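Take a look at the structure set out below.
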Ligand code: TYD
Ligand code: MG
């Protein structure tokens with residue numbers, strides 16, 4: 001038994017990143033956000049004056065006697081989710097599934113629960129945002145009606161803990177952690193203190209009983225409710241669910257993963273019957289490609305450690321009247337576009353500074369990989385010159401301010417993916433190693449790349 005005497009303490013917590021300050025500040029010193037600090041009352045651990053050791057929960061044993069496989073994950077049955085988890089959910093682990101509202105978190109959680117229930121796990125879904133009827137309608141859509149899957153609509157922490165006691169589930173989903181409240185604590189649902197304390201309660205149950213806990217957390221851009229970032233250190237795994245709501249594509253990234261690699265990516269499509277695994281995203285991205293178009297070229301990017309082929313497109317049109325030239329990008333950083341345009345001007349003698357320039361990556365993917373530089377530059381030049389690039393070409397490499405083409409990370413894996421999808425020629429940096437199944441055409445700089453593709457000299 002542990003006996004403690006605890007005083008409460010007032011602190012100011014940032015609703016965006018969870019950092020604490022002893023007094024109110026206009027700007028969070030951790031994340032730099034403005035007006036995000038709110039007053040919170042905490043149990044002050046430094047005020048614990050007496051601590052008596054209770055019955056130990058574990059016994060020291062030789063490390064060699066620990067079964068390394070006891071911590072192996074249990075597959076959720078959702079292929080792309082298991083890929084990101086490196087096998088599945090580990091017993092006693094807490095996973096935070098974070099994403100913007102409407103992205104599909106509840107759908108993904110329900111599909112995983114449905115599959116796990118089918119394979120014999122006892123599953124409990126605590127729906128704190130939606131009624132049981134709404135959950136039932138979604139379950140009909142995604143076919144998750146296993147008898148082992150129980151649902152309860154509850155928001156109060158003590159009631160939820162009582163249900164966990166009653167049901168003794170193997171897997172628990174809390175949807176969402178921001179709507180659960182502990183009536184003992186000050187602050188409303190979604191406050192940093194509430195979210196943190198409630199998450200901590202579930203983490204304690206998980207560690208004690210081996211329960212698999214999945215917490216659904218909303219991320220909002222303005223940070224008005226406790227951002228899941230304030231939970232990052234409390235949970236074992238953080239999965240970010242992202243995508244453009246106007247596209248069907250959804251990407252799942254592990255931001256933190258205590259039991260495996262964070263270098264993974266899960267790809268889904270949101271369909272009428274829920275989320276579908278996309279085992280071959282490259283083929284999906286290129287499905288509607290028309291290679292004869294000008295301003296289009298394919299490049300293998302690296303997303304979450306996974307090579308993916310995407311089509312980069314550019315359009316260059318004369319600016320109307322006296323309006324300043326427009327620069328519009330989709331899925332590409334606009335600063336990167338400006339930089340490459342300047343390099344094209346100075347090092348490639350192709351001037352598009354006085355025209356409207358549009359650049360995008362088809363399919364709703366957001367690319368931060370600088371390996372896209374060469375392809376984007378060639379797409380811009382092709383759009384400007386009005387000539388299309390050969391259809392079975394890819395281009396991969398970073399571009400420096402001198403117009404030099406540099407090796408992108410994991411080059412051979414990128415080219416292998418291009419070869420797998422039938423591309424036969426690759427414009428690559430001089431230092432690039434040869435890859436089987438695809439001809440490498442090395443170039444020193446963009447001027448050389450432009451002449452090889454027939455756009456220059
Ligand atoms: P939801 O899982 O409720 O998102 P979140 O929990 O992250 O807020 O899903 C939101 C969207 O997904 C909603 O706009 C409807 C769409 N959707 C489908 O297109 N197909 C489906 O089968 C389901 C269940 C939802
Ligand atoms: Mg939801």
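Residues that are part of a helix (DSSP H, G or I) and more than 9 Å from ligand 1 (Cβ to nearest atom) within region 93-123 comprise 112, 113, 114, 115, 116, 117, 118, listed in sequence order. Just the residues that are touching a residue at least 40 places away in the same chain (Cβ under 8 Å), more than 19 Å from residue 178 (Cβ to Cβ) and not in a loop (DSSP other than H, G, I, E, B), please, taken from region 139-163. The answer is 141, 142. Could you tell me whether any residue of region 378-391 is without any contact (Cβ under 8 Å) to a residue 12 or more places away in the chain and over 20 Å from residue 422 (Cβ atoms)? No, region 378-391 has no match at all. Residues 63, 145, 137: which one is over 22 Å from residue 160 (Cα atoms), surrounded by fewer than 13 Cβ atoms within 10 Å (Cβ to Cβ), within 16 Å of ligand 1 (Cβ to nearest atom) and over 23 Å from the mean Cα position of the chain (by Cα)? Exactly one residue qualifies, and that residue is 137. Residues considered: 126, 78, 90. Of these, the only one that is under 17 Å from the mean Cα position of the chain (by Cα), assigned by TED's automatic domain parsing to the domain that holds residue 167 and more than 12 Å from ligand 1 (Cβ to nearest atom) is 78. Is it true that residue 37 is out of contact with any strand residue (DSSP E or B) (no Cβ under 8 Å at 6 or more places or on another chain), farther than 30 Å from residue 259 by Cβ and either at pLDDT 80 or above or surrounded by fewer than 18 Cβ atoms within 10 Å (Cβ to Cβ) (or both)? No: the conditions fail for residue 37. Note on region 260-275: among residues that are on the phi < 0 side of the Ramachandran plot and surrounded by 18 or more Cβ atoms within 10 Å (Cβ to Cβ), the one that is nearest to ligand 1 (Cβ to nearest atom) is 270.
Among the conditions (1) farther than 30 Å from residue 184 by Cβ; (2) away from ligand 1 (no atom under 15 Å from the Cβ), the only one that residue 159 does not satisfy is (1). Each residue in region 253-276 was checked for being outside any loop (DSSP other than H, G, I, E, B) and either within 16 Å of ligand 2 (Cβ to nearest atom) or farther than 21 Å from residue 300 by Cβ (or both), and 10 of them qualify.
The values are calculated or read from the model by the stated rules, or taken from the named source; none is laboratory data. Just so it is clear, the structure is predicted and the values come from calculations on it, not from any experiment. Cβ atoms come from the backbone with ideal geometry, glycine included; neighbour counts cover every protein chain shown.
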